[in-house]
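A.B. asks: First the structure, which I've put down as structure tokens, then a few questions once you've had a look.
Computed from the coordinates by the stated procedures, all read-outs in this text should not be read as laboratory data. Nothing here was measured: the structure is a model prediction, and the numbers come from that model. Glycine gets a Cβ as well: all are built from the backbone with ideal geometry, and neighbour counts include every protein chain shown.
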Amino acid sequence: MSLDVSPALLEKAERGEVDEAEFVDCVRTSLPYAWEMISSLVDRLGADGGPFADNQTPPPDEQARGQLLRALASDAIRGALQRHFGVRLAFQNCHRVAVFPLGEEADQAHARFTSVRGQLLNQSPLLRDC
């Protein structure tokens, strides 16, 4: 799963630094499932509050799963999304994305979610092949 980079944006990158807003827009249009997932979690976190908001529903198909993996496995994409949305992202398995508010009050919840124990407790035979 690669980004759909326009020739104009690629040319800018070849000349030097690219405006992060342009990069974020490229991510938005290239990875719409991942973008919508993260956007909806950010909205839910804002509406409901709490230590974090997460998704526990598997993606509808392999293309959607690939988008999540691409968005969260790339340091550049993940970092840009975190800055754009003003959250910290975490990822377990093939679909469990979580957004955490920035700040010390969310550090404990983030540490629990990303711990070895948290990873082990999130395992399921249903997710073996994801």
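A.B. asks: With a cut-off of 19 Å, note down the residues of the stretch 80-105 whose backbone N falls inside the zone around a label point 7 Å from the Cα of residue 111 toward its beta carbon.
C.D. replies: 88-91, 99-105
A.B. asks: Continuing with the same structure: Rounded, prolate or oblate: which one fits the stretch 12-70, using the alpha carbon gyration tensor with axes a ≥ b ≥ c (rounded when a/c is under 1.5, else prolate when a/b beats b/c, else oblate)? Mind dumping the intermediate values first?
C.D. replies: Numbers: a/c = 3.40, a/b = 1.53, b/c = 2.22.
In terms of gyration-tensor shape, oblate.
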